[in-house]
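The values are calculated or read from the model by the stated rules, or taken from the named source; none is laboratory data. Since we're looking at a predicted model, the values are computed, not measured. Backbone-built Cβ (ideal geometry, glycine too); neighbour counts: all protein chains shown. To get the accessible areas, we keep the full protein, side chains included, count just its heavy atoms, and leave off ligands, DNA and RNA. Shrake-Rupley method; radii C 1.70, N 1.55, O 1.52, S 1.80 Å.
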Amino acid sequence: MALLAGVVCACQVASATAPASASASPTLRVTNGDQSKQIAVTRHPDGGSAVRADQLADALGATFVADGGSQYHLQLAGYRVDVGVGSRFAIAGADTLPLPSAPYRAAGRVYLPFAFVSDALPQLAGGLVFDAPKAELRQFGRVVTRKPLPTAPAARNEPARAEPARGAASSSGRAPAGARQQVVVVDAGHGGPDRGMTGPLGSGAKVYEKDITLAVAKQLKEALERRGVRVVMTRTRDTLIALTDRGKIANEAKGDLFMSVHVNAANPRWNSPGSARGFETYFLAEAKTEDERRVAAMENESIRFETSVDASRDDPLGFIIRDMAQNEHLRESARLAELVQRGLASMHPGPNRGVKQAGFRVLINSFMPAVLVEIGFGTNRAEAAYMTDPDKQRALAETMADAAAAYLTQYQRKVGSGS
């Protein structure tokens, strides 16, 4: 994962240097042989710079295609890169690269962060190189993938059902002869005296996060087992499990993936907090927005029920900085989070709040690709009813199981069964 560290640094440098280039000459040059076009560079709302996606595609001789909702892809000959408005990732087949800021939409146009041009495209594709001093993207040959990649996900905003891959479990529930059965660790958030979120806001019967997460986690276990995956649960009843112990359980089980299920709650200081809705998927990294920090603080509050834990010593961001082993899984966790979020977008009635990152204690000690899924807002009356409906819980679990199975299949194809 040394490449990932370089990618992140390169993105940050590009984001920082692009405005300076833009101030001197607010254009990006795109060159292909003796053909050259210049496109405007504008300021990104979150800082740094951005370019219009359709203008970039035209300059490259490519197409920028809407896949529905907030999803798009750039198609250049046989090469495809998927992006999403509000999502800080560029995806090419099984490869995912983080971006320092997300694509956004303004005046009916989609804008891509400058790092998509300066870093993501050259990293993901052969035949493209970015010359930073000249602010120039050069196409010096046929654009191809840098290594064989699986077919890009279908354009319906959902992961395809996983097919058995070499070394992967079959749909019958049995792994191929001689192959290790893959293990997914499923974590039901909160439990015991830690009720987690209480909702919905207003009068009426109350629901508790700990009950919803356990019900969905049990359904997720069954759904994964039907896909031939062995499942380890961090809890199967209403009991308190320390946040750091959940990761230890995953490590001892030699898990391939860790999936933690949670229910979101609105910030009471928001305007009309009871109307907040939607789903989002997190991976472990330093939070970049106030809302990401808010959600992490809310979920990390469970530590107050753990009398033996020193909260200051176990500061989550301190762990992120010190624990390089966890950082090795950043890229794969981001990929898994994107697949989960895409799957939920295909069936969840709430708005897609995107893939996010924050310092969750429950993910810190899980040394494997790990995500935390906020399946909805329990403070919202409609979503509380949705998440307590057994049929809807089953549908949520099936979708998350599809995403996990798709990720495992793609990963096996990428690294081969001998890795």
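Please compute the net charge surrounding GLU252, taking Lys and Arg as +1 and Asp and Glu as -1 over other residues with Cβ under 12 Å from its Cβ. So the surrounding residues net to +2. Under the rule a/c < 1.5 gives rounded, and otherwise a/b versus b/c splits prolate from oblate, where does segment 355-419 land using the Cα gyration tensor? Because a/c hits 1.5 or more and a/b fails to exceed b/c, segment 355-419 counts as oblate.
Using a Förster distance of 51 angstrom, determine the FRET efficiency expected from the C-beta separation of ASP389 and ALA132, and round it to 0.05. Can you show the working numbers first?
Details: r = 53 Å, r/R0 = 1.03.
It comes out at approximately 0.45.
Given contacts defined as C-alpha pairs under 8 Å and at least six residues apart, what's the relative contact order of segment 334-386, whole-number percent? Don't skip to the end; give the middle numbers.
Working: 21 pairs, mean separation 16.1, N = 53.
Worked out over segment 334-386, it gives 30 percent.
Label-to-label distance for LYS37 and SER203 is 6.2 nm, based on points extended 7 Å past Cα in the beta-carbon direction.
Lys and Arg at +1, Asp and Glu at -1: add these up for the other residues within a Cβ distance under 13 Å of ALA276 and post the number.
Values: positive: ARG269, ARG277, ARG294, ARG353, ARG381; negative: GLU280, ASP291, GLU374, GLU383.
The answer is +1.
The stretch between ASN251 and ASN267, if pulled fully straight at 0.36 nm per residue, gains 2.4 nm over its current Cα-Cα span. Stretched out straight at 0.36 nm per residue, the stretch from ASP58 to ASP291 would grow longer than its current Cα-Cα span by 80.3 nm. Note on segment 178-290: with neighbouring protein chains present and a 1.4 Å probe, carbon and sulfur make up 48 percent of its accessible heavy-atom surface.
Separation of the alpha carbons by more than 25 angstrom is noted, of LYS218/LYS288; LYS210/LYS356; LYS221/LYS254; LYS221/LYS392; LYS218/LYS392, for LYS218/LYS288. Partners of LYS134 within straight-line reach, counting lysines whose Cα lies under 29 Å from its Cα and excluding those fewer than 8 residues away in the same chain: LYS37, LYS147. The packing ranking, built from the mean of other Cβ atoms within 10 Å per residue, places the peptides 387-398, 74-85, 209-220 in the order 209-220, 74-85, 387-398, highest first.
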